[in-house]
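Reading through the structure tokens given below for one structure.
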Amino acid sequence: MKNRIMHVSLPISAETILMGSDIMPALSPNIIAGNNFSISLGVNSKEEADKLFAALSAGGKITMPLEVAFWGAYFGMWTDQFGINWMVNYDLPK
């Protein structure tokens, strides 16, 4: 795991960032075309993160509950009912 890339980002515009990481086998052991990407939502509040997380994860599988992450954000991950991987991130005020 120590040789894998956890996070890289490339700003494309003021509103859009292309992000990438290596696959973590424990989180995605059965990689197939269609589940080999995630949609990441950057939000403006914890409340917005909670609302989107609850609505979009309904009927799916939560892989990381919303919680404060070590990089200073409120963050969570899930796979929706259609097999699409999602992340939501709210950068906490400093």
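Quick one: which residue in SER28, SER38 is surrounded by 13 or more Cβ atoms within 10 Å (Cβ to Cβ) and at pLDDT below 70?
SER28
Considering the stretch 41-88 alone, what residues qualify as being surrounded by 15 or more Cβ atoms within 10 Å (Cβ to Cβ) and on the phi > 0 side of the Ramachandran plot?
Answer for the stretch 41-88, where residues must be surrounded by 15 or more Cβ atoms within 10 Å (Cβ to Cβ) and on the phi > 0 side of the Ramachandran plot: there is none.
For the stretch 55-94, give me the residue count where each residue is in contact (Cβ under 8 Å) with a residue 24 or more places away in the chain, in a strand (DSSP E or B) and of a type in the set (Val, Ile, Thr).
Adding up the residues that qualify gives 4.
The values are calculated or read from the model by the stated rules, or taken from the named source; none is laboratory data. Not measured: the values here are computed from a predicted model. Note that each Cβ is placed from the backbone with ideal geometry, even for glycine, and that neighbours are counted across all protein chains shown.
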